[in-house]
Amino acid sequence: MTRVRLENVTKIYGRVIAVDNVTFEVESGELFTLLGPSGCGKTTTLRIIAGFEVPEHGRVYFDENDVTYLKPYHRNTAMVFQNYALWPHMTVYDNVAYGLRIRKKVLKLTEEDIKKRVREVLELVKLEGLEDRYPLQLSGGQQQRVALARALVVQPSVLLLDEPLSNLDAKLRIEMREEIKRIQKKLGITTIYVTHDQIEAMSISDRIAVMNKGKLLQYGSPREIYFRPRKLFVADFIGRSNIYVGEVTGVEDKYATVYIEELDSHIKGVMVSDEVKSRKKVSVVIRPETVKLVEKSIGKMENLFKGKIDLAMFMGEKIETRVKIANSSMIIYIPNYMVVSPGEEIVFHIPPENTIVIPEITMED
Amino acid sequence: MPRRTGFRHVSLKDLYIAGLVTALIYYLLAPYIEWTTEILIWVLGIVWAFLLFKSGLDYRRILFSFSMSFLAIIGFIYTFFILVLQIRGIPRALALFLLPLLTVAVLGYFKQNIIPTIKIKRLYKIHVPLKRRIKTTLYKLDPIMWFFLIGGSLVLIVFLITPVLLMLLNAFVVPPYVKDIFYNFERIFRPGSRYVRLTPPPGSSLYRFLPLKGGEKLLVITGVNYGILLNSMINAVVVTSVATVLGIIVAFILARYDFPGRTLFRILAMIPLFVTPFVNAYVIRILFGPYGPISAITDALFGWRIEIKSLAGVALAQIMAFYPIVYLNAYSSFINIDPSMEEQAENLGSKGLKLFLTVTLPLALPGIVAGSILVFIFSLEDLGAPIVFQEPNLMSYQIYSGFTTEYGIVSPELAALGFVMLFLAAMGFLAIRSYVGMRSYAMISRGGRWVIRERRLGPLGLAIVYLVLLPLILFTAMPQIGVILLAFNIIPPTGFSLQWDKATPQYFVRLFSDPAVFRYIRNTLMYATIAVVLATTVAIMIAYSVSRTKMKVITPTLDTLATIPLAIPGLVIALGYYYFFLALPNVFKPIPVIGEPLYKLLFPLSPVSGPNTFQAWIILIIAYSIRKLPFVTRSVYAGFQQVHHALEEAALNLGASRSRVIFGVVMPLIFTYILSGAIVGFIYISTEVSTSITIGGLRDDQAPMTFYMMSQYKGGTATGVQVAAAMGVLLILIQLIAILIIVLVFKQRYAFIGV
């Protein structure tokens, strides 16, 4: 299996810096996701790895080999394109067999071997029996599977997936997401996955790299990214967040009290880093699902807040409410069995251990 | 955004006021001032516009407005010629009226495009080492891409740019006693010369009545001779305008209204597109002759007969031949407008003519003018009508006759004239191309297919369609119908009558039985076949390079070069090739050892090598493939565009080499595009006129069909007129078969789309 390493990679298109000094390493056998909004440079990064683009700065390594200037057809990566890029003039079988036929001489394959391997991979993606169809006869989900099979059959050292599920409908997307994860784990191929869908990214990845405006902001496991974002953009992009400007007032060891002017209240016992301690103004991020409703009669307890429900939306698995507090508001999720109505006053607890403090107050650096 | 300055907003109204005042000052003072003082008025217009611009005039309005950007582009060309030709009076006042608008357009262009680029370069200062930059560029190119890129560019440089440059160079060749190198141009642009005659000769008028034998009167419409250069320009502008209006009307009715027989109308409206060089103009001459059918009608109605000849005849023949080009472009523009655009306007209360003028026409305009500019170029370079109507006072005729009269020696003045023609055509073309490019966002819409807006016609509408539109369409199809009647001897070669009893296929038999005639047919078919193969090869190389590389300067230049032959009049190519092949053998002569044999080998390509040694066919084939290259390239390019780049990348990614991708994945996908491009090329090549009768005329046993047809119609003598008409029918058949193949076999739209 192959490790992929990018070192200070920069790609410039005319006036735009598409990828800005990006460095990361993908472990062998890992499913690594590049996540970010459209135009953030994630697809360009993937195309650099595939060899369709060359960076103006920096290097790309597969294991210890510098592949920056290796032609795409010598890299042994296999890419699944966003629009699948199935050749409409070839049958499913011919599409899938294409890569093997190219490698026929090198791998000393006979037509029989090819047939066998194509059949195996079609079984793997559950497409047995569709060999003789043309791509345009297939449904979106089936086309997706053909594209995946075509990439997998050559046993690539790196599998590259460029928003592979974005053209599928919601239900199919979840099904295919599981499928991809299952196959990737089974084969253990180093995989780089590009998506703008954070839920897709979190559910499928071993590690995620969040990109914005060409820069790689943070990378780590889905949990790390979700619970310990280090950049305001990451906190805002992943999951839903209430973001306030706060002030660090009292520091005790690793814990601090932050004052939020908009809510006119303090949150005590929040874990903070050294960098946060040195800042005067910080961002305070509260995830809506971490907030807990409490009985109005609970009496004295730290980090209790009172607010009036402004808007309540029943979402099925939860109720999303916007609660007015002081001069501001906060989005809070409430269990779906409760019945709330606008104007109602509620009391809730913000757990300090789930409150995130970030040492920047704007999205810019 | 308009800025508040002093006490009010500056708006476009101020621009018009500035123009109006400047124009008025000029008009009032013109009789009393010299051109040195006049410069002050020009400066006034420019400074005024500059001040308006500085005080925050919204220059973007000009860019984004469909009509104003068009006006600005036409205005530049107009003003240029007003100045060069030293035309005064109201036309010059009009130029001054446009001056502030043009100034603001230029300033806006600089502010929008040039300054930001400079600024951003300074701001970013992204330093990429040269070595790395070269490496990055080279990485993208595989050997086959290199071959395509260099091969394609080389062909265009050698056979397109060099000849045209040589022609330009020869335009500056002056007699030894003249010091001024612009001598040839001055001869053309000097007012009062035979090129520019601002006051037409006394007694000349657009039309006059002449008495005929037997007391009848004859209305002769000739057109006024303003000199060769102005005639060509006026003729081209008139033909383009009338063809455009006619094309828009016919296209709109056929695209948007439903009535019985509409499909038939559509087919009939395409008939003039069948190119039958010379014969169709000849038929028009017969139709509008003093004893033709039109005269019979006017005689019965008004008591006088009519004859249209000279410049008026040329204009008429060109309008009838070229208006379907606008019609086709306008038609596809109208059906490509997202109906929701018009529905929204209706929804807000707009209807009828208002709706058409405010929404429909502006949205369709880019597509329409793309066709109009082709008409303009075709009209400038057309030889068929001027030769048949024996009108020498046109640029095209002058260049042509320069080839025929002084055998072997083409005068430098002709080269200068060729350059002026090229300038007119290319300026118009590039201007329209950039205009259409700017406007292409107009068609961005929600995508998907939509139902075309169609109306049923009421009784009044039906009456108009059947009583006005049908006769009009039938009328414009007359020349082609006439060609067939002439070929079968139903119409006699002179005079006019319909003699069904004398119909005979004997002229068709002669086409193939008479070796002196069949030679021309064989030549055309042979040349067209070879030229198409060459053109298609070059087209594939260029189209692939252009669609798949994104190199600064090189890619866009190649793209423009591959399209520009559309804008280069055939006569310019003929002149360029004349000079090119004149010089070619001598270039190699000084080289030691191989020089002498090469000279001997290439000498037969020189037009002065003698009537029996000159190998015109090689030059014709090269000229054909370069001239008609854009039509082939466009189709092939459309094919490459259809193939999403991911389809290629997927194959590269799986380990296929570039050549394997091109020939294994891409070519099979776009095979039909390549073939239909080749067929379109074949049509245009087999009907080519300009180089055929000039270069071909230098060696008439190697000349193609169109040369033979020209020679039969030139003097209006009746010798081989009907054999040539039969040839015309043969050409119609070739075109018909080719179009049917494209439409029925390849299921592609056959369109004569410009730009």
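The table below lists the values:
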{"item": "Gyration tensor verdict on the stretch B:297-339 (Cα atoms; rounded if a/c is under 1.5, prolate if a/b is larger than b/c, oblate otherwise)", "result": "oblate"}
{"item": "Relative intensity, log₁₀ I(q)/I(0), of the stretch B:464-558 from a Debye sum that treats every alpha carbon as a point, q = 0.12, 0.15, 0.21 Å⁻¹", "result": "-0.75, -0.83, -1.05"}
{"item": "Shielding of B:585-596 by partner chains, average beta-carbon count, 10 Å", "result": "0"}
{"item": "Neighbourhood net charge (12 Å Cβ-Cβ; Lys/Arg +1, Asp/Glu -1) for residue B:104", "result": "+2"}
{"item": "Exposure proxy order (Cβ contacts within 10 Å, fewest to most) of B:727, A:202, B:526", "result": "B:526, A:202, B:727"}
{"item": "Out-of-range pairs (alpha-carbon distance over 27 Å; input A:42/A:185; A:181/A:292; A:71/B:550; B:13/B:354; A:104/A:186; B:351/B:747)", "result": "A:181/A:292; B:351/B:747"}
{"item": "Estimated [θ] at 222 nm from DSSP helical runs (n ≥ 4, -39500 (n - 2.57)) normalised by residues in the protein assembly as shown, nearest 500", "result": "-16500 deg cm²/dmol"}
{"item": "Under 5 Å, built H, 5+ apart or other chain: amide partners of residue B:216", "result": "none"}
{"item": "Packing-based order for B:315-328, A:257-270, using average beta carbon neighbours within 10 Å, highest first", "result": "B:315-328, A:257-270"}
{"item": "Å³ per residue enclosed by the Cα convex hull of the stretch A:16-65", "result": "91 Å³"}
{"item": "Residue among A:76, B:497, B:270 farthest towards the positive dipole end of the protein assembly as shown, charges placed on Cβ", "result": "B:497"}
{"item": "Cβ-based net charge around residue A:122, under 12 Å, with every Lys or Arg adding one and every Asp or Glu removing one", "result": "+3"}
{"item": "The protein assembly as shown: C-alpha gyration tensor shape, a/c 1.5 cut-off, then a/b vs b/c", "result": "prolate"}
{"item": "Rounded, prolate or oblate (a/c below 1.5 giving rounded, otherwise prolate when a/b exceeds b/c) for chain B by Cα gyration tensor", "result": "rounded"}
{"item": "Per-residue HN-Hα couplings for the stretch B:457-465 [Karplus 6.51, -1.76, 1.60; θ = phi - 60°; Hz; x = Gly/Pro]", "result": "8, x, x, 5, x, 4, 4, 4, 4"}
{"item": "Whole-Hz ³J(HN,Hα) from phi, Karplus 6.51 cos²θ - 1.76 cosθ + 1.60, for the stretch B:523-531, glycine and proline x", "result": "4, 4, 4, 5, 4, 4, 4, 5, 4"}
{"item": "Taking B:628, B:13, B:502 and counting other C-beta atoms within 10 Å, the order from fewest to most", "result": "B:13, B:502, B:628"}
{"item": "Amide H partners (placed H, <5 Å) of residue A:319, local residues excluded", "result": "A:334, A:336"}
{"item": "Separation of alpha-carbon centers, the stretch A:282-311 and the stretch B:663-707, rounded to whole Å", "result": "80 Å"}
{"item": "Hz values of 3J(HN,Hα) by residue in the stretch A:73-85 - Karplus curve (6.51, -1.76, 1.60), Gly and Pro given as x", "result": "7, 10, 8, 6, 9, 9, 10, 10, 7, 4, 9, 6, 6"}
{"item": "15 Å beta-carbon shell around residue B:521, net charge (K/R +1, D/E -1)", "result": "-1"}
{"item": "Burial order of peptide ranges A:123-129, A:145-151 (average beta-carbon count within 10 Å, highest first)", "result": "A:145-151, A:123-129"}
{"item": "Inter-chain shielding of A:81-93 (mean C-beta neighbours from other protein chains, 10 Å cut-off)", "result": "4"}
{"item": "Rounded Å value of the spacing that divides the Cα centres of the stretch A:225-262 and the stretch B:205-222", "result": "96 Å"}
{"item": "Sequence-distant residues sharing a close amide H with residue A:57 (under 5 Å, placed H)", "result": "A:10"}
{"item": "Partner chain coverage, peptide B:654-665 - average Cβ within 10 angstrom", "result": "5"}
{"item": "Only Lys, Arg (+1) and Asp, Glu (-1) charged, at Cβ; chain A dipole about Cα centre in debye", "result": "740 debye"}
{"item": "At most 10 other Cβ within 10 Å, DSSP loop - chymotrypsin sites (Phe, Trp or Tyr not before Pro), the stretch A:298-365", "result": "A:337"}
{"item": "Sorted by Cβ density within 10 Å, fewest first, the residues A:38, B:333", "result": "A:38, B:333"}
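Each reported figure results from applying straightforward, stated rules to the coordinates on display, with no laboratory input. This one's a predicted model, so the numbers in the text were calculated from it and none came from an experiment. Every residue, glycine among them, receives a Cβ derived from its backbone with ideal geometry; neighbour counts consider all protein chains shown.
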